[in-house]
1. Cut-off 18 Å, label point 7 angstrom out along Cα-to-Cβ of Ile43: give me the residues of region 68-98 whose amide nitrogen falls inside.
2. In terms of modelled amide H atoms, which long-range or inter-chain residues lie less than 5 Å from the amide H of Val153?
3. Return the whole-Å distance between the Cα centroid of region 63-121 and the Cα centroid of region 163-231.
4. Just to make sure I understand: if all protein chains stay in place, what is the order of Asp175, Asp121, Asp45 by accessible area at 1.4 Å, largest first?
5. Based on the Cβ-Cβ distance from Lys142 to Lys80, what FRET efficiency comes out when R0 is 45 Å, to the nearest 0.05?
6. Tell me, what is the FRET efficiency for Thr229 and Lys119 to the nearest 0.05, using R0 = 41 angstrom and their Cβ-Cβ distance as r?
7. How big is region 56-175 along each principal axis, measuring the range of its Cα positions in Å and listing the largest first?
8. Restricting attention to the alpha-carbon atoms of region 108-179, what are Rg (one decimal) and Dmax (integer), both in Å?
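The values are calculated or read from the model by the stated rules, or taken from the named source; none is laboratory data. Keep in mind that this is a model prediction, so the values were computed, not measured. Here the Cβ positions follow ideal geometry from the backbone for every residue, glycine too, while neighbour counts run over all protein chains shown. To get the accessible areas, we keep the full protein, side chains included, count just its heavy atoms, and leave off ligands, DNA and RNA. Shrake-Rupley method; radii C 1.70, N 1.55, O 1.52, S 1.80 Å.
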Amino acid sequence: MSKRKLFLLAFAFSVCASTMMWGYPGSVEAKDGAMKSGQGIVILDPAIKEALKATGASYEELLQWSSNSSSVLRFLHGMKPRGQKELALLARYIKEQNSRLSAETAWREAAAFVHYCNKYDVPVDLAVAVANAESHFNPKAKSRQGALGVMQVMWRFHRDLMQANGILSPQELCDPEKGIAAGCLLLSRHLREKGSVEGALASYLGMASGAYQRRVSRNMSKLANYRKTKS
């Protein structure tokens, strides 16, 4: 038998085996606190189940969202229990802070905060507090000055930095995840340059403002208290 025929037989067998084990290639299932897809079985922390109920979403919907290769929710498949708990808490918090958001947006934003705060070494509570102050977590928010998205990033001031980090147009700042990525990137740079939260917030806003500092501080305290009630 030729090598080509052997290869084709092996490929056909692998597809059949995948189908028998997982359903059709790329198919997904969710049941009893576990999710199953082509990436394997993911045991979900009980906090995920509680947060899904609180946000009006289902396991099946979460699995569908996490199967999107362009969403950081795809990392749920490899997330440890601690990360799952953080994701669940933030999804609930964001949805409670802005009930007009869809469940999908709340979960995508929560996943983005977990992922990009870790990537850029930004305190999660700080980034979430800034987002709450800037847009109330609304990814479509736009200011009169042209600030866009969840984190209200000014494209005309940060275009080169954004494009160097994969955010290629101002419209992408209105994507729930990319908008948070942009804001976390800026916060990270300001924290390193200024060496303090106060200095970083002044740079982020573009001016020193006691009122802004207090608003962000209140939001951080609000999230800290929320953590206590859910722990």
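1. Once the point is set 7 Å along Cα→Cβ of Ile43, 76-86 turn out to lie under 18 Å by backbone N, inside region 68-98.
2. Long-range HN contacts for Val153: Leu148.
3. 17
4. Details: Asp175 45, Asp121 130, Asp45 20 Å².
Putting Asp175, Asp121, Asp45 in descending order of accessible area: Asp121, Asp175, Asp45.
5. 0.80
6. Values: r = 28 Å, r/R0 = 0.69.
The computed FRET efficiency comes out at 0.90.
7. 39, 29, 26
8. 11.4, 31
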